[in-house]
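The values are calculated or read from the model by the stated rules, or taken from the named source; none is laboratory data. Computed from a predicted model, the values in this text were never measured in an experiment. Every residue, glycine as well, gets a Cβ built from its backbone with ideal geometry; the counts of neighbours run over all protein chains shown.
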Amino acid sequence: MVIVMRLLALLLLVVTSSACAPTRIAPLSEVAVTRVIDGDTFDVGTSRVRLIGVNAPEHDECFGTEATEELARLIQGATVTLETDAQAYDAYGRALAYTYLDGRSVNLDLVAGGFALAQAYPPNTRHQDELNAAMTAAQDHRIGMWAEDACGRSSDDVSIESIAANPPGPDENVLDEETITIVATSSADLTGWVLRDGSSSHRFHLPNGFVLNGRVTIHSGCGTDTTTDLFWCADGPIWDNDGDTALIYDESGALVDAVTYPPDE
């Protein structure tokens, strides 16, 4: 009797686990969208899908709410086609896909409308050139998050002047020389300001009480902060040698400036 009960319990566990397990996504499949999570992530049944080649703002960032609402407007409740790339899943178990609705690329529409950045995640780069071109056009035409008045955008007194993303030598050994320089045309208190990369995985919070007069260089390595040099003290490189976008937000969350640079030649 005990053995029978144990076998029944094991069978129940297997059935329950199978019912709750994420649905595997085929290389090219049609699925129904059940819920939009944010501007670049949504659910299809028990699976979560992350759009390839784009990165939408977080909920608490400039245009984060608009990006989520736009993705929901496009695909909530719709049947979409998913196309995979070199990797079908990421480290979090999310399916990675280019998403199409009635033959149109949702990834591309989000970038073209200024709702998301074009952000490469190698080796999944099949359509990256097209996405990069769409972001450049959105920036040039001041669309969406790139608009001058997006999210109560600050004045143009502060801007990103230059980025040294790939100094000579092994990346891990020259963090002090991997830098980004910010310039102000007038004195600006940067308390509460945030600098980040295009992937959102690296964020630098400007020191409380830091007043920018002229220019400041932010080093990826460690050191002693001064009025002209600040130190991220990161564990590894911040700026991607394969191209990246640097964005700076003020204390209200408004996007102040963004600079995209190409892959290192």
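Annotations
- Under the condition of being touching a strand residue (DSSP E or B) at 6+ places or on another chain (Cβ under 9 Å) and part of a loop (DSSP other than H, G, I, E, B), the residues counted in the stretch 169-182 number 1.
- Qualifying residue in the stretch 183-192 (condition: of a type outside the set (Phe, Trp, Tyr), part of a strand (DSSP E or B), farther than 22 Å from residue 110 by Cβ and without any contact (Cβ under 8 Å) to a residue 24 or more places away in the chain): yes
- Strands (runs of 3 or more DSSP E) within the stretch 69-168 that include 3 or more residues under 29 Å from residue 254 (Cβ atoms): 158-164
- When each of 228, 224, 245 is tested for being free of Cβ contacts under 8 Å to residues at least 12 places away in the same chain and either farther than 11 Å from residue 176 by Cα or outside the structural domain of residue 133 (by TED's automatic domain parsing) (or both), the lone residue that passes is 224.
- Selection of the stretch 210-238 for residues being polar (S, T, N, Q), modelled with pLDDT of 95 or more and farther than 18 Å from residue 167 by Cβ yields 224, 226, 227, 228.
- Residue that is nearest to residue 146 (Cα to Cα), among those in the stretch 51-82 that are crowded, with 20+ Cβ neighbours inside 10 Å and of a type in the set (D, E, K, R): 61
- The listed residue being under 30 Å from residue 39 (Cβ atoms) and acidic (Asp, Glu), out of 161, 172: 161
- With respect to the conditions (1) out of contact with any helix residue (DSSP H, G or I) (no Cβ under 9 Å at 6 or more places or on another chain); (2) modelled with pLDDT of 95 or more, residue 13 falls short on a single one, namely (2).
- Qualifying residue in the stretch 94-101 (condition: farther than 18 Å from residue 245 by Cα, of a type in the set (S, T, N, Q) and touching a Lys or Arg at 6+ places or on another chain (Cβ under 7 Å)): no
- Candidates 152, 198 - the one that is within 20 Å of the chain's Cα centre (by Cα) and either at pLDDT below 95 or of a type in the set (Phe, Trp, Tyr) (or both): 198
- Being surrounded by 13 or more Cβ atoms within 10 Å (Cβ to Cβ) and farther than 18 Å from residue 233 by Cβ is not true of residue 164.
- Within the stretch 43-93, the residues that satisfy the criterion of being charged (D, E, K, R) and over 24 Å from residue 135 (Cβ atoms) are 43, 48.
- Given (1) closer than 20 Å to residue 62 by Cβ; (2) touching an Asp or Glu at 6+ places or on another chain (Cβ under 9 Å); (3) at pLDDT below 95, index of the condition residue 182 fails: (3)
- Inclusion of residue 109 among residues that are surrounded by fewer than 16 Cβ atoms within 10 Å (Cβ to Cβ), more than 12 Å from residue 43 (Cα to Cα) and not basic (Lys, Arg) is not warranted.
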